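See structure below.
Just so it is clear, none of the values below were taken in a lab; they were calculated from the coordinates. Just so we're clear, the structure is a prediction, and the values are computed from it rather than from any experiment. Quick reminder, even Gly has a Cβ in these numbers, built from the backbone with ideal geometry, and neighbours come from all protein chains shown.
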Amino acid sequence: MRRVSGIIALAVALGAGCGGGPRPEADERDAPTRPLRAGSGLNVLLITIDTLRADHMSLYGYPRETTPHIDAFAQSGITFDQAYTYWPKTRGSFVAMMTGRLAAQSGYGKTHPLLLDFNPTLAGILREAGYETVAVVDNPNVAASLGYAKGFDRYRETWEEKALVSEMDRARAITSDGVQFLREASPERPFLLWLHYVNPHAPYTPPPPFDGAFLDEEAQRGPALEPVDGVNGGVARVWEVPGRGLGYYVAQYDGEIAVTDAEVGQVLESLRSSEVGERTIVILTSDHGESLGEHNYYFDHGQNLYDPSMRIPLVMVGPGLSGGERSDTLATTLDLVPTVLDAVKVSFPPGLTGRSLLGVGRGGAGPDRPRLFGQNDRNLLGSWDDRFKIVATPREEGTDYALFDREKDPGETHDVGPRMPGALREQREELEAFRQTIDSQRAKTRRLLEGRSGEERLSPEACEKLKAMGYIQQACPQHQ
C-alpha cells in the first residue's frame, strides 16, 4: 500500500491542472504586471549557500563550530533534519527550486541545460502579484543568459564585475547589497530577495582567519591525496597543496562554511533591525552538498546520488512559524515554490511536484509523502525513504540497481540487494513507477522543446569563472 499511495500522490501532483502539459508563455520581463491575488503581503528572503552539506554545519551536530550565526537564527524557526536536493548540480537544482517541477516537466537536461522560458517561476509569480523581485548571485551556472533571471526586476551577476576579483569580494558584495536592500525596504511593497553565495564551492580558499580556524588535530588526519586529473582518486592537480592530506582540505571546506556563515549573519542582523523584519519569511538552504572523499570522489558533487551530495540544510523562520523546532519530515528542493506561495497566499501555478512545508513549520503535519526521488546529469535515478535508498544506474547492457540500508549503513557503502530480495523488489517497484511517471511527463514536454535552443550563451567572464571552479576544461573564448 505504501508504494501505491506514494506513486498516486506523485501522479496527482504531476497531473493536477496540467491540461496536457504547461503552455509556452512570453518572457515575463516584457509581459505586463497582472496581479493574481493580493496575497498576505509577507516578504520573502531566500538565502542559498552553494555546495553546503548539512552534516558539516554545527546546526546539524558537526563538532566544529562552523555556523554559529545560522545556529542562533534557527532558534527562531524550524530546522528540517531530512532535507535533500532533487538534483545534485547547481543548474538542475535551481531549475527545480525556482519552478517546483521535475526535469521531465521543466525540460531541463543534457540538450537544454538551462531554465526554459515556458516554466512559471517563483520570481515571476510573485512579480505578477505585485512583489518587487531582486537577486544578487554568484555562480555563472545561474546566469541570466541561462534563464535564471526570469521574473526578477533586478538580477546582479557579481562575477561579471571586474572590480570584484575574488570569491570573497563577490560574497561581500552580496552581503552589502542584501544589507542595504533590507535597510531601505518599505513596508508598503512586499519583496522577494534572493541572495546566492557560491562559497563553499571548490577550490576551498577561505580568507584569514578562517583559513586557519580549523587546522586542529583533526586536520592532520586522513590519507595523503594523490594529484589527479579529474575528481576521482585524489585531489585535482590545479587545487593540490603539496604535503597536505584529506584532513587539511576538509578543514578548508569548513573554513569556507564559517566565513559564509559570518556573511549571512550580517544579512540576518540587518533584517532583524529593519522595518520589515517581522513581516518576512526567511528560508535558508543549499542547492546540493559536496563529496569529501566518500566513494573515492573528492571535492565535487553530482556524479552520484549518495547523501554527501544530496543532503542539504533547510531552515525556515518567519511569522507564525514554530521557534527552535526540528522536523524529520522528508523535504526536497522541489518544495520551495509551494511553501513560499502557501506562506504569502498567492495562487499556485499548475503542475507543481513539490509540497508545501508550511504546515510543518506551524507545528502541524507534514506532506503525506513516504519517500523522495532524485536524478542527476548522468541519468542516475534514485529513491529513498526513512530506511532504504535505491539507485538505478544505466549501462549499455541494461540497468544496475543498488540498494542501501541507510539505517545500518549510513555511509551507503554496501549493496544489500542480493541478500534482501524482498526489500529490493519493493524499492525497485517504487523507482520504476516513478520512471514511468517521468517518461509520460517527458513525452508531454517534448513538444515544448521543439525549436528551442539549448545553447549556452555565457560571457567570457562567466566561462573563466566556471573554469576556475572545475566545470570547464577547455579554453574559454577570448574577451571581446
For region 51-154, take N as its residue count and report Rg(C-alpha) divided by 2.2 N^0.38 Å.
1.25
Beta carbons within 10 angstrom, averaged per residue: use that to sort the peptides 282-289, 322-329, 124-131, 416-423, highest first.
282-289, 124-131, 322-329, 416-423
Distant alpha-carbon pairs in region 220-306 (separation over 19 angstrom), percent:
53 percent
Given the options P410, A468, T353, identify the residue whose Cα lies farthest towards the positive end of the charge dipole of region 341-480 (+1 on Cβ of Lys, Arg; -1 on Cβ of Asp, Glu).
T353
Of 447-460, 350-363, ordering from highest average Cβ density within 10 Å down gives 350-363, 447-460
Given bins 10 angstrom wide, list per bin the percent of all Cα-Cα distances in region 172-221, short to long.
18, 34, 23, 17, 7, 1
Rg to Rh for region 279-383: what is it, with Cα atoms only and Rh by Kirkwood?
1.01
What's the magnitude of the charge dipole for the chain around its Cα centre, counting Lys and Arg as +1 and Asp and Glu as -1 at the beta-carbon? Answer in Debye, nearest 20.
1620 debye
Note the direction-averaged projected area, equal to a quarter of the hull surface, for the Cα convex hull of region 342-460, in nm².
12.7 nm²
Nonlocal Lys pairs with alpha-carbon distance under 28 Å, the chain (8 or more apart, or different chains):
21
Once you put a point 7 Å from the Cα of S166 and another 7 Å from the Cα of D400, both along the Cβ direction, what distance in nm separates them?
4.2 nm
Using the per-residue mean of other Cβ atoms lying within 10 Å as a proxy for protection, in what order, highest first, do the peptides 433-443, 64-74, 216-226 fall?
64-74, 433-443, 216-226
May I ask for the equivalent-ellipsoid semi-axes of the chain, computed as the square root of five times each C-alpha gyration tensor eigenvalue and listed largest first in whole Å?
30, 29, 24
Mind listing P(r) for region 96-216? All alpha-carbon pairs, 10 Å bins, whole percents.
12, 36, 32, 16, 4, 0
Between Y155 and residues 5 or more places away or on another chain, the pairs with built amide H atoms under 5 Å apart involve A135
Rank L102, T90, S322 by how far each Cα sits towards the positive end of the charge dipole of the chain (+1 on Lys, Arg Cβ; -1 on Asp, Glu Cβ) and give me just the farthest.
L102
